[in-house]
Amino acid sequence: ATKEETKKKKKKIPLTRGEVEIKQKMTVEELARAMGKDIGVWGGGSLDHMASSAVVGMAQPPADPAVLTPRPPVVTILGHVDHGKTTLLDSLRKTQVASMEAGGITQHIGAFIVHMPSGEKITFLDTPGHAAFSAMRARGTNVTDIVILVVAAEDGVMQQTIESIQHAKNAGVPLILAINKCDKPEADPERVKKELLAHDVVCEEFGGDVQAVNISALKGENLMVLAEATVALAEMLELKADATGLVEGTVIESRKDKGKGPLTTAIIQRGTLRKGCVLVAGKTWAKVRFLFDENGKAVDAASPGIPVEIMGWKECPSAGDEILEVESEQRAQEVVAWRTYAEQQEKMKKDLEVIEAKQKEHRLEYEKKQQKLAHLTWRQRKAVLYKANKHLMFSRPKERTEMDENTLSLIVKGDVDGSVEAILNILDTYDCEDECKLDIIYFGMGDISENDISLAEAFNGVIFGFSVKANESIKKLADKKGIKIKLHNIIYKLIEDLKDELNSRLPPIV
Ligand code: GDP
């Protein structure tokens with residue numbers, strides 16, 4: 001192929017897998033329109049989400065129900081501080097020690113699996129607190145299938161218990177109640193269940209569908225009953241996923257390892273992740289070099305619902321970022337470039353909005369001031385302006401100059417109404433009329449014209465122009481008639497010049 005042909009080929013690579021080719025400079029709105037989507041409802045999330053949907057996600061058709069296979073539930077533990085979330089996660093992890101290799105190191109990667117004797121699996125997210133749950137919800141991604149709500153039996157429903165219920169409700173995720181610290185003598189599980197009624201959490205014994213399990217996270221009591229309740233709920237939810245096709249997943253945690261570089265823990269939601277896959281997440285991408293399970297053991301593949309650690313990222317994506325597989329490294333780079341561009345656009349748009357708002361504010365302020373002045377008499381107006389423009393006031397000359405002239409006739413021209421008005425306002429503050437009269441014979445907008453020259457000639461005047469021009473023929477004409485044209489682009493320079501002109505006509509101080 002000739003150079004020309006290679007060039008053409010390179011240019012032709014489409015940016016979407018679907019029907020729409022994304023031009024490098026397209027805005028998100030233009031893109032949405034091109035795809036026939038309504039920006040308001042399409043993606044329904046952040047720009048990042050829209051960009052990802054636009055660039056890669058939407059083209060993948062929904063999975064065929066026939067190919068769906070069961071997957072483990074993903075569980076998040078929520079509850080009030082000190083009610084025992086961390087202890088429960090630790091105890092659950094400890095139940096797995098037997099299944100781990102002797103001497104194996106349990107490392108915290110943000111998620112782990114509990115293997116049930118029956119062969120079922122449960123994936124627990126152990127990112128501390130609600131942070132991850134909220135972050136993912138905010139991005140419109142929701143990896144959690146079930147929330148285990150931990151309430152301490154001696155403490156009852158507290159502020160964060162209520163918040164946790166709200167989080168779960170908003171996300172449409174069902175609850176299981178774990179009444180903790182039941183080993184304590186003051187524990188009162190029945191009170192907890194009754195208190196929860198007020199928050200629409202109705203346990204089975206009250207005719208509701210929320211399973212409640214009395215546990216002691218500290219002593220490891222009833223943990224398997226809790227796990228079985230989770231499996232039962234998962235079965236009812238019929239959690240299934242498509243383990244074929246392009247990979248889709250979510251970043252649970254992201255960290256930098258000295259030896260391995262950027263690492264993420266991810267939950268795969270669709271497809272099967274393998275070494276060599278090319279992924280994008282946020283504004284970074286990966287060619288998957290290694291996959292590790294929660295025990296740090298290298299694995300060949302990760303299917304939906306299973307936590308996996310991914311090595312091969314260029315940078316760390318953020319928790320909650322959507323992971324999408326693309327066909328090639330080149331494509332991944334294009335997606336990242338496009339998202340970066342889209343984000344900049346959005347930022348620029350926001351910056352511009354701020355500037356425009358400020359300008360509007362200033363304009364309103366100016367108009368208000370003008371309105372106030374409009375109702376004043378000439379003298380009052382002069383007094384106000386005197387105060388405002390004190391620094392621009394005309395001063396009397398310090399030295400004696402020629403005084404054969406005692407009137408200054410002026411022609412004032414400006415580029416816009418505002419500039420002419422500004423000059424006139426300042427001239428208003430002139431108060432040495434006794435010594436030298438100030439006579440504004442004409443003012444208006446536009447470049448210096450022949451008419452201005454004739455006026456200046458008739459009244460023996462001087463022409464002052466702000467941000468206007470005088471063409472060569474006008475300049476020549478003025479020269480011939482001995483008329484001064486003074487052009488300025490900076491208002492205070494024009495005023496200085498005016499002062500000089502006046503001062504040259506004022507009598508000396510005696
Ligand atoms: P978190 O803030 O919800 O993560 O709560 P922690 O797991 O840090 O637990 C707070 C305190 O409660 C710790 O001192 C735990 O040892 C204690 N604790 C947790 N679970 C139990 C339990 O089942 N019984 C008793 N007696 N104490 C517990």
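The values are calculated or read from the model by the stated rules, or taken from the named source; none is laboratory data. In this text, all values refer to a predicted model and were calculated from it rather than measured experimentally. We place every Cβ from the backbone using ideal geometry, glycine too, and count neighbours over all the protein chains shown. Side chains included, ligands, DNA and RNA excluded: accessible areas come from the protein's heavy atoms. Shrake-Rupley method; radii C 1.70, N 1.55, O 1.52, S 1.80 Å.
Extent of the range 203-291 along its three principal axes (Cα atoms, max minus min coordinate, largest first): 51, 33, 21 Å.
Rolling a 1.4 Å probe over the protein heavy atoms of the range 304-371, with every protein chain left in place, gives an accessible area that is 52 percent carbon and sulfur. Net charge in the neighbourhood of residue 93 (other residues with Cβ under 12 Å of its Cβ; Lys, Arg +1, Asp, Glu -1) is -2. Size descriptors for the range 437-510 (Cα atoms only): Rg and Dmax, in that order, 12.9, 44 Å.
With all protein chains kept in place, the per residue accessible area of the range 232-340 amounts to 39 square angstrom at a probe of 1.4 angstrom.
To the nearest 10, the accessible area of residue 224 is 60 Å² with a 1.4 Å probe.
Estimated at 0.36 nm per residue, the fully extended path between residue 299 and residue 219 surpasses their Cα-Cα distance by 25.5 nm. With a threshold of 18 Å on the Cα-Cα distance, the over-threshold entries among 85/219; 85/258; 413/469; 258/314; 121/240; 260/314 are 85/258. Straight-line reach from residue 481: taking Cα to Cα under 17 Å and skipping same-chain neighbours fewer than 8 places apart, the aspartates and glutamates in range are 450, 452, 457, 472. Rounded to the nearest 10 square angstrom, residue 68 shows an accessible area of 60 square angstrom against a 1.4 Å probe. When both the range 287-362 and the range 176-217 are represented by their alpha-carbon centers, they are found 40 Å apart.
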